[in-house]
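These notes concern the structure reproduced below.
The values are calculated or read from the model by the stated rules, or taken from the named source; none is laboratory data. All values derive from a computational prediction rather than experimental measurement. Neighbour counts run over all protein chains shown; Cβ positions are idealised from the backbone, glycine included. Accessible surface areas use protein heavy atoms only, side chains included; no ligands, DNA or RNA. Shrake-Rupley method; radii C 1.70, N 1.55, O 1.52, S 1.80 Å.
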Amino acid sequence: MLRAVLNLMRGGLADGNIAAGAQLAADRQAAFYCMEYTKAYQGKAAFAKQKKQQRRARQKKETRDNLAKEEILQDDRFFFIAGYTSGGAPYGVTWEEMGLKPWEENE
């Protein structure tokens, strides 16, 4: 469609008809607005794509940083706390199951 509009813009009047000239002028104006709208849309789309890529890169970096900062969760009862129940009670591997006393070094 854009190619047809551009061809219209390049074309001239063959028979000198004023009505055809007015139509051609209107078509050229419409083509101009169409191209301006397309350029604006493409600019916004490129900007949105760039922002999305930046957001994904930031999220990946944050995820990597969080994984590196993760600590092994322990307390006086659990050698390893795997998680928490909906009520907030911890669950995991106890010191007794590991055969260790609380805070004893693992060999």
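For the peptides 74-84, 42-52, the ranking by mean Cβ contacts within 10 Å, running from highest to lowest, is 74-84, 42-52.
Using 0.36 nm per residue and subtracting the Cα-Cα separation, the extra length available between residue 57 and residue 94 on full extension is 9.5 nm.
Could you pull out which residues in the stretch 84-107 have an amide N less than 11 Å from a spot 7 Å beyond the Cα of residue 75, following the Cα-Cβ vector? What the label zone holds, given the 11 Å backbone N cut-off, is 84-85, 88-92. Taking all protein chains together and a 1.4 Å probe, the residues 96, 36 rank 96, 36 from largest to smallest accessible area.
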